[in-house]
Amino acid sequence: MTKRTEGRRRVVIEAVKPQIDGGLFPIKRIVDDKVMVEADVFADGHDSLFCMLKYRKEEDGEWIETPMQLVVNDRWRGEFTVHELGRYLYTVEAWVDRFKSWRGDFVKRVEAGQEVSVELKAGAELIKEASNRAQGGDARRLQEWAGALRKEGKNGSRSSSLVLDDEMARLIEKYPDRRFSTVYAKELIVVVDRKQARFSTWYEMFPRSCAVEPGKHATFRDCERRLDYIASMGFDVLYLPPVHPIGRSHRKGKNNVVGCGRDDPGSPWAIGSEQGGHKSIHPQLGTLDDFKRLIAKAAQYGIETALDIAFQCSPDHPYVKDHPGWFRWRPDGTIQYAENPPKKYQDIYPINFEIEDWPDLWQELKSVILFWIEQGIRMFRVDNPHTKPFVFWEKVIREVKKEYPDVIFLSEAFTRPKVMYRLAKLGFTQSYTYFTWRNTKAELTDYFTELTQTEVRDHFRPHLWPNTPDILAEYLQTGGRPAFMTRLVLAATLGANYGIYGPAYELCENRPIEAGSEEYLNSEKYEIKHWDLNSPHSLKEFIGRVNRIRKENSALHSDWSLRFHPVDNDQIICYSKRVEDPVNGILIVVNLDPHHVQAGWTDLSMDALGLGTHQPYQVRDLLTGAQYQWQGARNYVRLDPQAVPAHIFSVGYR
């Protein structure tokens with residue numbers, strides 16, 4: 001902006017959305033999404049304005065432009081589609097549209113019977129100026145149009161069909177006078193991920209517990225035999241805890257006791273031994289080639305492999321010997337081990353990010369991620385990212401995704417809301433949530449309304465887990481098999497991204513180490529487990545049915561259409577999701593009480609379901625196959641948790 005033009009810029013652009021924290025962070029979308037942009041755009045006086053939405057790939061030099069439309073009360077709206085992975089920029093430019101302003105006033109003068117010869121000459125000047133900005137045939141046509149208006153002006157004509165010629169108006173719109181346009185002060189960013197960032201179904205499994213023989217340490221080849229089982233339940237992501245060598249020093253025994261037996265395998269999160277660190281494979285699992293073979297075999301089943309990234313070390317990790325300055329030393333000459341009082345993790349050393357040579361540390365940790373990307377991994381579940389600096393993650397994720405834009409980072413941060421949101425803003429693709437502890441209808445409704453209907457949704461993609469190796473929620477401990485079914489349906493339908501820790505989940509493992517604890521008794525974190533996958537009490541068939549419903553219904557592939565519907569019973573929650581192209585509507589009703597039959601009357605929002613108020617419609621329970629004919633908003637539901645504690649209805653006219 002020059003001093004000669006800044007005083008002549010009359011248009012104001014403000015309240016541009018979407019943007020996160022004043023444009024400090026990117027919004028998130030997936031490939032082929034439409035990005036809807038709105039802005040308040042106005043100027044002094046009554047002149048007409050023209051508003052343009054501008055966007056481009058970050059690495060491209062030229063802006064692509066598309067006009068925005070006035071919605072109401074100086075609010076303008078436009079959209080563009082992101083077709084490629086990576087980062088896009090977008091902003092808004094607007095200017096006073098002198099021709100449109102003149103044309104509107106001219107029509108009013110004619111309708112009022114006023115003399116317009118001077119106005120015709122003024123219009124001719126505007127068109128002549130536009131012809132100077134045009135080229136070729138367009139310039140000639142505009143010059144002819146300007147001449148025709150001058151001629152009518154000389155004749156004193158009071159009206160002109162030329163002024164009302166929409167084709168000519170569209171032509172002049174191509175060559176606007178933008179000398180005094182206003183460009184929004186910020187170039188906003190959208191990060192575009194692949195579709196699996198929005199919709200995925202994860203299964204967490206400890207590779208060492210996949211052996212056929214009880215008590216034996218499994219290999220990656222044993223894991224290959226488990227793939228058919230995982231695929232039969234409809235999971236498309238296999239998430240593996242750390243697969244690296246495990247330290248011996250201070251190794252924990254069963255149930256996290258201090259001291260271990262000769263055969264205790266230790267925690268996979270105690271990473272590193274004389275056999276290697278974060279870029280090595282635990283020898284008992286196999287070789288790096290075996291790992292890559294597992295990735296390839298899983299892909300044949302339509303399953304992508306995700307790997308845990310845990311930036312911490314056992315006392316035996318090569319980093320401890322080679323880079324002792326990367327750790328926090330105590331006054332007694334020992335390294336500070338990890339603690340979460342009252343819990344102690346003597347087998348794990350946290351990394352000290354406040355060291356002087358932090359650039360070398362950051363580069364090494366980034367190289368760990370790049371190493372596994374080179375082995376074929378494109379999904380990472382990041383352990384406790386909230387215990388590492390925000391600036392570290394922002395830089396590393398940005399640099400990794402610049403080279404590999406298809407990489408997905410899942411943030412495992414069960415911490416304060418603002419910290420969780422900050423991690424999402426600075427680059428994490430998906431995020432763990434508080435779903436695990438939201439049990440009542442009010443809690444679920446309030447929380448998921450925040451996640452899906454506020455600006456949070458532009459940067460925070462929820463990933464729902466009813467259990468993890470670290471968390472056995474009280475609801476699952478006390479609710480029996482119905483509780484596992486209930487939480488499975490909620491996770492799979494409230495969230496487009498969800499996962500379970502299995503086989504503990506499908507086998508309804510619900511024994512805590514002690515009353516009031518969320519730790520599993522005989523936790524798989526500290527011992528090899530042998531699971532009876534063919535147990536008659538397994539939920540594998542039910543889980544498979546739910547996951548097939550997810551895949552077959554596009555309404556469940558995203559979160560933004562989520563709407564809650566009142567039911568006159570606080571133990572029953574009702575909500576829906578719907579998409580238009582192609583039309584697909586799903587209505588979910590869940591009994592939150594795992595112990596008792598609950599019934600009630602719905603009060604459905606017919607608009608959210610895309611239905612008329614009076615016409616009968618069909619609902620079909622995709623879990624049981626039962627069909628009902630309903631009419632209007634008020635309908636009776638009854639759910640027995642000992643049978644099936646939920647309805648997943650497809651909704652529509654016959």
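The values are calculated or read from the model by the stated rules, or taken from the named source; none is laboratory data. Note that this is a predicted model, so its numbers are computed, not measured. Cβ atoms come from the backbone with ideal geometry, glycine included; neighbour counts cover every protein chain shown. What goes into the accessible areas is simple: the full protein's heavy atoms, side chains included, and nothing from ligands, DNA or RNA. Shrake-Rupley method; radii C 1.70, N 1.55, O 1.52, S 1.80 Å.
Consider Ala43 carefully, then state whether it is modelled with pLDDT of 95 or more, open to solvent by less than 70 Å² (accessible area, probe 1.4 Å), closer than 30 Å to Phe428 by Cβ and not hydroxyl-bearing (Ser, Thr, Tyr). When the stated conditions are applied, Ala43 does not pass them. Whether a residue is small (Gly, Ala, Ser) and part of a loop (DSSP other than H, G, I, E, B) was assessed, and Gly325 does not pass this test. Summed over region 56-84, the residues that are under 22 Å from the mean Cα position of the chain (by Cα) and open to solvent by less than 50 Å² (accessible area, probe 1.4 Å) give a count of 5. Inspect all residues belonging to region 123-142 and state whether any of them is open to solvent by 20 Å² or more (accessible area, probe 1.4 Å), more than 30 Å from Val191 (Cβ to Cβ) and touching a Gly at 6+ places or on another chain (Cβ under 9 Å). Checked against the condition, which is being open to solvent by 20 Å² or more (accessible area, probe 1.4 Å), more than 30 Å from Val191 (Cβ to Cβ) and touching a Gly at 6+ places or on another chain (Cβ under 9 Å), region 123-142 yields at least one hit.
To keep it simple, each residue is scored yes or no on (1) closer than 17 Å to Val191 by Cβ; (2) modelled with pLDDT of 95 or more; (3) open to solvent by 70 Å² or more (accessible area, probe 1.4 Å); (4) touching a Gly at 6+ places or on another chain (Cβ under 7 Å).
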| position | (1), (2), (3), (4) |
| --- | --- |
| Lys3 | no, no, yes, no |
| Arg9 | no, no, no, no |
| Ile27 | yes, yes, no, no |
| Met36 | yes, yes, yes, no |
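In region 95-108, the residues that are surrounded by 19 or more Cβ atoms within 10 Å (Cβ to Cβ) reach residues that are polar (S, T, N, Q) with C-beta atoms within less than 8 angstrom, at least six apart or across chains, in these pairs: Trp95/Ser181; Trp95/Thr182; Val96/Ser48; Asp97/Ser48. Given the structure, is Asp21 farther than 23 Å from His459 by Cα and acidic (Asp, Glu)? No: the conditions fail for Asp21.
Among the residues making up region 41-57, a single one is assigned to a strand (DSSP E or B), of a type in the set (D, E, K, R) and closer than 15 Å to Ile13 by Cβ: Lys54.
Against the criterion of being in a loop (DSSP other than H, G, I, E, B), touching a residue at least 40 places away in the same chain (Cβ under 8 Å), crowded, with 19+ Cβ neighbours inside 10 Å and out of contact with any helix residue (DSSP H, G or I) (no Cβ under 6 Å at 6 or more places or on another chain), Pro594 does not qualify.
Among the residues of region 440-452, is any open to solvent by 10 Å² or more (accessible area, probe 1.4 Å), over 19 Å from Val590 (Cα atoms) and within 18 Å of the chain's Cα centre (by Cα)? Give the steps one after another, and end with the answer.
The initial filter retains those residues of region 440-452 that are open to solvent by 10 Å² or more (accessible area, probe 1.4 Å), namely 440-443, 445-447, 449-450.
Then drop every residue that is not over 19 Å from Val590 (Cα atoms), which leaves 450.
If we keep only those that are within 18 Å of the chain's Cα centre (by Cα) as well, we get 450.
Checked region 440-452: at least one residue is open to solvent by 10 Å² or more (accessible area, probe 1.4 Å), over 19 Å from Val590 (Cα atoms) and within 18 Å of the chain's Cα centre (by Cα).
Going by what's in this entry, would Ile281 be described as modelled with pLDDT of 95 or more and under 30 Å from Glu506 (Cα atoms)? Walk me through it before giving the result.
Values: modelled with pLDDT of 95 or more: yes; under 30 Å from Glu506 (Cα atoms): yes.
In short, yes.
In the set Arg481, Arg550, only one residue is open to solvent by 40 Å² or more (accessible area, probe 1.4 Å) and outside any loop (DSSP other than H, G, I, E, B); that residue is Arg481.
Which residues, taken from region 277-292, are open to solvent by 20 Å² or more (accessible area, probe 1.4 Å), farther than 17 Å from Arg208 by Cβ and either touching a helix residue (DSSP H, G or I) at 6+ places or on another chain (Cβ under 7 Å) or free of Cβ contacts under 8 Å to residues at least 12 places away in the same chain (or both)? Those that are open to solvent by 20 Å² or more (accessible area, probe 1.4 Å), farther than 17 Å from Arg208 by Cβ and either touching a helix residue (DSSP H, G or I) at 6+ places or on another chain (Cβ under 7 Å) or free of Cβ contacts under 8 Å to residues at least 12 places away in the same chain (or both): Lys279, Asp289. Of the residues making up region 507-529, none is at pLDDT 95 or above and assigned to a helix (DSSP H, G or I).
Residues in region 229-252: is at least one under 30 Å from Tyr345 (Cβ atoms), among the hydrophobic types (A, V, I, L, M, F, W, C), in contact (Cβ under 8 Å) with a residue 12 or more places away in the chain and in a helix (DSSP H, G or I)?
Yes, region 229-252 contains at least one residue that is under 30 Å from Tyr345 (Cβ atoms), among the hydrophobic types (A, V, I, L, M, F, W, C), in contact (Cβ under 8 Å) with a residue 12 or more places away in the chain and in a helix (DSSP H, G or I).
The single condition from (1) within 26 Å of the chain's Cα centre (by Cα); (2) surrounded by fewer than 16 Cβ atoms within 10 Å (Cβ to Cβ); (3) under 23 Å from Tyr175 (Cα atoms) that Leu53 fails is (2).
Considered as a group, the residues in region 632-654 that are part of a strand (DSSP E or B) and open to solvent by 60 Å² or more (accessible area, probe 1.4 Å) include one that is farthest from Thr486 (Cα to Cα), and that residue is Tyr636.
Quick one: count up the residues across region 560-575 that are out of contact with any strand residue (DSSP E or B) (no Cβ under 7 Å at 6 or more places or on another chain) and either buried (at least 20 other Cβ atoms within 10 Å of the Cβ) or free of Cβ contacts under 8 Å to residues at least 40 places away in the same chain (or both). Give the steps one after another, and end with the answer.
Let us first name the residues in region 560-575 that are out of contact with any strand residue (DSSP E or B) (no Cβ under 7 Å at 6 or more places or on another chain), namely 560, 566, 570.
From what is left, the residues that are either buried (at least 20 other Cβ atoms within 10 Å of the Cβ) or free of Cβ contacts under 8 Å to residues at least 40 places away in the same chain (or both) are 566.
Within region 560-575, residues that are out of contact with any strand residue (DSSP E or B) (no Cβ under 7 Å at 6 or more places or on another chain) and either buried (at least 20 other Cβ atoms within 10 Å of the Cβ) or free of Cβ contacts under 8 Å to residues at least 40 places away in the same chain (or both) number 1.
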